[in-house]
Amino acid sequence: KISNMLGVNKGRVSGIPYTLAPRPNFFLFGDSITQAGSKVDPLGWVLLLADEYLAVNRCAEFSNRGFAGYNTRWGLLILPQLIREHGPVAPSLATVFFGANDACREGARQHVPMAEYTANLKEIVGMMRKAWPGVVVL
């Protein structure tokens, strides 16, 4: 019987006791660089991270929340929903990988001025830390 879906689960299977700790979870948030990070060909950075981590630790979940074309302004708009979908259990690690679209030429639809970009990144990290106290954010 599973006693706690959010923490350590304990029970018996065929009379043998077990303890099952939750899997580490990595929450990866960003633009197309994050989205494409799960591509097999060419091998993306998310898959490389998973391969390195899983070679030592056996299991983990990687939540790729990359959105092609997004900048920090648009990321701020969708992050509250993504946090709700992820749930209250803090990921082991969260990454924030925006900037390529923010840095496009001034006047372009995706451009975000440097001062706003900096403020947006601080707000994104702050939202993650508020929702998931103790989370490590890169």
For LEU47 the rounded accessible area (nearest 10 Å², probe 1.4 Å, non-protein molecules ignored) is 60 Å²
Report, to the nearest 10°, how far helix 45-57 tilts away from the longest principal axis of the Cα atoms in the chain, using its own Cα long axis and a range of 0 to 90°.
20 degrees
Rounded to 10°, Cα long-axis angle of helix 72-86 versus longest principal axis of the chain
10 degrees
Segment 58-125, relative contact order [Cα under 8 Å, separation at least 6], %:
41 percent
Per-pair calculated FRET efficiency, R0 = 25 Å: SER32 and GLU61 via Cβ, rounded to 0.05
0.70
With charges set only on the Cβ (+1 for Lys and Arg, -1 for Asp and Glu), what does the dipole of segment 14-102 come to about its Cα centre, in debye to the nearest 20?
220 debye
Whole-Hz Karplus ³J(HN,Hα) for segment 122-129, in order, using 6.51 cos²θ - 1.76 cosθ + 1.60 and θ = phi - 60°, x for Gly and Pro?
4, 5, 4, 4, x, 5, 5, 5
Which of the listed residues, PRO91, SER32, LEU48, is farthest toward the dipole's positive end in the chain, when Lys, Arg count +1 and Asp, Glu count -1 at the beta-carbon?
PRO91
How much accessible surface does LEU76 have with a 1.4 Å probe, in Å² rounded to 10?
30 Å²
What number, in percent, do you get for the relative contact order of the chain if the mean sequence gap of Cα pairs under 8 Å and at least 6 apart is divided by its residue count?
24 percent
Value of [θ]222 nm, deg cm²/dmol, for the chain, DSSP H segments ≥ 4, -39500 (n - 2.57) each, nearest 500:
-11500 deg cm²/dmol
Where only protein heavy atoms count, and the probe is 1.4 Å, what is the accessible area per residue for the chain in Å²?
62 Å²
Lys and Arg at +1, Asp and Glu at -1: add these up for the other residues within a Cβ distance under 13 Å of ASN57 and post the number.
-1
Candidate residues ILE83, ILE33, ILE16, ILE124: accessible-area rank, largest first, probe 1.4 Å
ILE16, ILE33, ILE83, ILE124
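The values are calculated or read from the model by the stated rules, or taken from the named source; none is laboratory data. This structure is a prediction, so every number in the text was calculated from the model and none was measured. Cβ: placed from backbone, ideal geometry, glycine included. Neighbour counts: every protein chain shown. Accessible surface areas use protein heavy atoms only, side chains included; no ligands, DNA or RNA. Shrake-Rupley method; radii C 1.70, N 1.55, O 1.52, S 1.80 Å.
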